[in-house]
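These notes are about the structure you will find just below.
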Amino acid sequence: MNPTTTTGSLEISTPSDREIRMTRVFNAPRKLVFDAYTKPELLTRWMGVMPGWSWAVCEIDLRVGGTFRYLWHGPDGVEMGMRGTYLEITPPHRIVSTEAFDEKWYEGECVETVTLEESGGRTTLTTLLRYDNQAVRDGVLQSPAASGMEAGFSILDALLPTLEG
């Protein structure tokens, strides 16, 4: 049995020794959630929006083999950058990509699978993160990554109704 924890409305579980699964339900059609994940003008309104931080770069080449690049500027000149390559895209249902941070706060590369399932106008977003080994996965579990994701998802939850229309 895999333990499940909840951060806000985000459910977190560990389906294997290398994986983290995060699930969040949004009261919006999956097409809107997919757009919010894949369009820079929407992504920058919710992801990584933290006090003292601002977006510097948000580039998305949404095609298999295409890449993404995100860069945030933080307090005291701190920067946080992330990049990856799209491995699979099935709009508006599934996105599979690699993920690596500029500053290696974990070894190796993560493969992220985002799936969106809609039922009754609500969308269940499931993110499966697969790391190179259990030690890396455990380190990510101990980091503030989950609380940061839930903070972004809370902003997205408030943003989605404004996009309908």
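Lys and Arg at +1, Asp and Glu at -1: add these up for the other residues within a Cβ distance under 11 Å of residue 157 and post the number.
Working: positive: 24; negative: 150.
With Lys, Arg at +1 and Asp, Glu at -1, the net is 0.
Please go through the stretch 100-148 and write out the trypsin sites (Lys or Arg not before Pro) that DSSP classes as loop and that have at most 16 other C-beta atoms within 10 Å. Write down the numbers at each step before the final one.
Values: sites: 104, 122, 130, 137; in loops: 104.
Here the trypsin sites (Lys or Arg not before Pro) that fit, given the DSSP loop and packing criteria, are 104.
Across the stretch 31-48, in residue order, what do the Karplus-derived ³J(HN,Hα) couplings come to in whole Hz, using 6.51 cos²θ - 1.76 cosθ + 1.60 with θ = phi - 60° and x for Gly and Pro?
Rounded to whole hertz, the list is 4, 5, 5, 4, 4, 5, 7, 10, 10, x, 5, 9, 4, 6, 8, 9, 7, x.
What is the order of 110, 58, fewest Cβ neighbours within 10 Å to most?
On the way: 110 22, 58 18.
If I rank by nearby Cβ atoms, fewest first, I get 58, 110.
Where is the GNM fluctuation largest for the chain (alpha-carbon springs, 10 angstrom cutoff): 100, 56, 36?
In the Gaussian network model the winner is 56.
Springs between alpha-carbon pairs under 10 angstrom, Gaussian network model over the chain: which of 139, 152, 81 fluctuates most?
Comparing 139, 152, 81 in a Gaussian network model of the chain, the most mobile one is 139.
Determine the dipole magnitude for the chain: charges of +1 sit on the beta-carbon of Lys and Arg, -1 on that of Asp and Glu, nothing else is charged, the reference point is the Cα centre, and the result goes in debye to the nearest 20. Walk me through the numbers before you get to the answer.
Values: 15 positive and 23 negative charges, 83 e Å.
That gives the chain a dipole magnitude of about 400 debye.
Determine the calculated [θ] at 222 nm for the chain from helices alone, applying -39500 (n - 2.57) to every DSSP H run no shorter than 4 residues and normalising by the residue count; nearest 500 deg cm²/dmol. Mind showing how you got there, number by number?
Values: 4 runs with 41 residues, N = 165.
Mean residue ellipticity at 222 nm (helix-derived): -7500 deg cm²/dmol.
Out of the chymotrypsin sites (Phe, Trp or Tyr not before Pro) in the stretch 85-157, which ones are loop residues according to DSSP with at most 15 other C-beta atoms within 10 Å? Walk me through the numbers before you get to the answer.
Working: sites: 86, 101, 105, 106, 131, 153; in loops: 105, 106, 131.
Counting only loop positions with at most 15 other Cβ atoms within 10 Å, the chymotrypsin sites (Phe, Trp or Tyr not before Pro) in the stretch 85-157 are 105.
Would you be so kind as to identify which of 108, 145, 119 lies farthest towards the positive end of the dipole of the stretch 79-146, taking Lys and Arg as +1 and Asp and Glu as -1 on Cβ and the Cα centre as origin?
Result: 119.
Given the C-alpha atoms of the chain, compute the convex hull and give its volume per residue in Å³.
Numbers: hull volume 19.3 nm³, N = 165.
Value for the chain: 117 Å³ per residue.
Convert each backbone phi in the stretch 149-162 into a coupling constant with the Karplus relation 6.51 cos²θ - 1.76 cosθ + 1.60 (shift: θ = phi - 60°), then list the ³J(HN,Hα) values in order as whole Hz, x for Gly and Pro.
For the stretch 149-162, the Karplus-derived couplings read 5, 5, 4, x, 5, 5, 5, 4, 4, 6, 6, 3, x, 6 Hz, x marking Gly and Pro.
Hey, could you pull the Cα Rg and Dmax for the stretch 51-143, both in Å?
Final numbers for Rg and Dmax: 14.9, 45 Å.
Values in this text are rule-based calculations from the coordinates and carry no lab data. This is a predicted model, so every value here is computed, not measured. We place every Cβ from the backbone using ideal geometry, glycine too, and count neighbours over all the protein chains shown.
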